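Peer 1: Let me begin by handing over the structure; questions about it come next.
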Amino acid sequence: QVCRGLRTPRLPIWLCSVTGRHGVLFGTDCRLLSDWKSERVFQLYFYSGQREQTRAARLTIDTHSHPWEADQSEDPNSPGRRHPSLEMVIRTKWAGATISWNGTDPFF
């Protein structure tokens, strides 16, 4: 039998498979599970356990960024415009979100 904590987690957590590698995307703010207003700007962490990753990557997610704030010099639909796979995974839940890696080099 599955305990209540596993059926209804107290903190947001997602198990991810990104480009064939598994990892955990999680937050430390329990309000993300119950208060939609807390989904404006928030932190998520990603850890894959790979040798090259020594600590969890801290990502800042902004779900209310505006397209006109983005760099207009490059066409967003151009084939040269690529986003890290992890960002695309996050955008399956928060479409159009702006994701900051906070100084970490994007991976995946």
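Peer 1: Per-residue HN-Hα couplings for the stretch 21-30, Karplus 6.51 cos²θ - 1.76 cosθ + 1.60 at θ = phi - 60°, whole Hz, x for Gly and Pro?
Peer 2: With coefficients 6.51, -1.76 and 1.60, one gets 10, 9, x, 10, 10, 8, x, 10, 10, 5 Hz.
Peer 1: Taking all protein chains together and a probe of 1.4 Å, list Glu39, Glu87 from the most accessible to the least accessible.
Peer 2: The ordering from most to least exposed comes out as Glu39, Glu87.
Peer 1: Can you compute the charge dipole magnitude of the stretch 1-40 about its Cα centre, using +1 on each Lys and Arg Cβ and -1 on each Asp and Glu Cβ, nothing else charged? Give it in debye, rounded to the nearest 20.
Peer 2: About 80 debye.
Peer 1: Assuming R0 = 25 Å, what is the FRET efficiency of Gln50 and Asp29, from their Cβ-Cβ distance, to the nearest 0.05?
Peer 2: Efficiency at R0 = 25 Å is approximately 0.50.
The values are calculated or read from the model by the stated rules, or taken from the named source; none is laboratory data. All values derive from a computational prediction rather than experimental measurement. Positions of Cβ are backbone-derived with ideal geometry, glycine not excepted, and every protein chain shown enters the neighbour counts. Surface accessibility is based on the protein's heavy atoms, side chains included, excluding ligands, DNA and RNA. Shrake-Rupley method; radii C 1.70, N 1.55, O 1.52, S 1.80 Å.
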